[in-house]
1. If I require 27 Å or longer along the helix axis, counting alpha carbons, and a Kyte-Doolittle average no lower than -0.5, what helices from the chain are left? Use full DSSP H segments.
2. Using the charge dipole of the chain (Lys, Arg: +1 at Cβ; Asp, Glu: -1 at Cβ; taken about the Cα centre), state which of Ile174, Gly212, Val22 has its Cα farthest towards the positive end.
3. Kindly report the accessible area of the chain per residue (heavy atoms of protein chains, probe 1.4 Å, no ligands, DNA or RNA), in Å².
4. Rounded to the nearest 0.05, what FRET efficiency do Asp66 and Asp17 give with R0 = 35 Å and r taken as the Cβ-Cβ distance? Could you check?
5. In whole angstrom, how far apart do the alpha carbon centroids of segment 148-213 and segment 56-133 sit?
6. Quick one: which residues, 5+ away or cross-chain, put their amide H under 5 Å from the amide H of Arg172? H built at 1.01 Å from N.
7. Please report, to two decimal places, log10 I(q)/I(0) for the chain at q = 0.08, 0.10, 0.15, 0.18 Å⁻¹ as given by the Debye formula with identical point scatterers on the Cα atoms and no solvent.
8. For the chain, what is the mean residue ellipticity at 222 nm derived from helices alone (per DSSP H run of n ≥ 4: -39500 (n - 2.57); sum divided by total residues; nearest 500 deg cm²/dmol)?
Amino acid sequence: DPLVVRAAIDSATSMADLAHAVALLPGTAVELFDAAVPPVRIGALLSAVLDSVLRRLLILSPMNLDVQTSWIVLGSLARREVLPTSDVDTALAWDDPPEGTGDIAAQVRQAASGVLDDLEKTGLRRCADGANADNARFSRSLSGWRQATVGWLRDAGQDSALLLSTMLADSRPISSPDLGQQVTDALMATGRTPQFLRMLLEYTLSSRPPTGF
């Protein structure tokens, strides 16, 4: 029962407890499918439970930084379409530090790497393709995200601009939502030219899902 798993997550006081709760997820998905729950509904339930895992993980593995941070999920988890074998795609945003504080990006990413190490101790997997909160492409200050967004929209032909734009459009903050939402708002609020939208459409349609075997 997803409620039993959720209760185990909320009561976890260690990584071992959290790992035990995560280990219940595959069997839960199978039982829901055997009970004729629609797959789309199962994906949504698993996504809600994984959100709880990540929020509990951030309590058990705090980053202890002097700036506010927002963890953001990407990909299938952000769309609430996870499969039992899905990995976890994450990004990170943080408040711009006061003037004169210096660049704290390395400090933030090192702390994020520790959280992702703990994530894997629970049995979940970070993104094998690099969409992780300790990767410089996916972890930026709020002003850094805004600057990157403007650059993607002005020059969609630059390296990975379309890929990163689509991933950011799908994103969803799971901590400090007001801060995390500003990252997506920056993409939506900035003027998108017809050329950018045309290239985005062509990029999206270029990936054709299999229709058979």
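The values are calculated or read from the model by the stated rules, or taken from the named source; none is laboratory data. Bear in mind the structure is a predicted one, so any value in this text is a computation, not a measurement. As a convention, Cβ positions derive from the backbone with ideal geometry for all residues, glycine included, and neighbour counts pool all protein chains shown. For accessibility, only protein heavy atoms count, side chains too; no ligands or nucleic acids. Shrake-Rupley method; radii C 1.70, N 1.55, O 1.52, S 1.80 Å.
1. Details: long enough: 39-60 (31 Å, 1.42).
Membrane-span-like by this rule: 39-60.
2. The residue sitting most towards the positive pole is Gly212.
3. Details: 11430 Å² over 213 residues.
Per residue, the chain has 54 Å² of solvent-accessible surface.
4. Taking R0 as 35 Å, the efficiency between Asp66 and Asp17 is 0.75.
5. Segment 148-213 and segment 56-133 have Cα centres spaced 19 Å from each other.
6. Those lying under 5 Å, H to H, from Arg172 are Val73.
7. Values, matching the q order: -0.31, -0.48, -1.01, -1.29.
8. -17000 deg cm²/dmol
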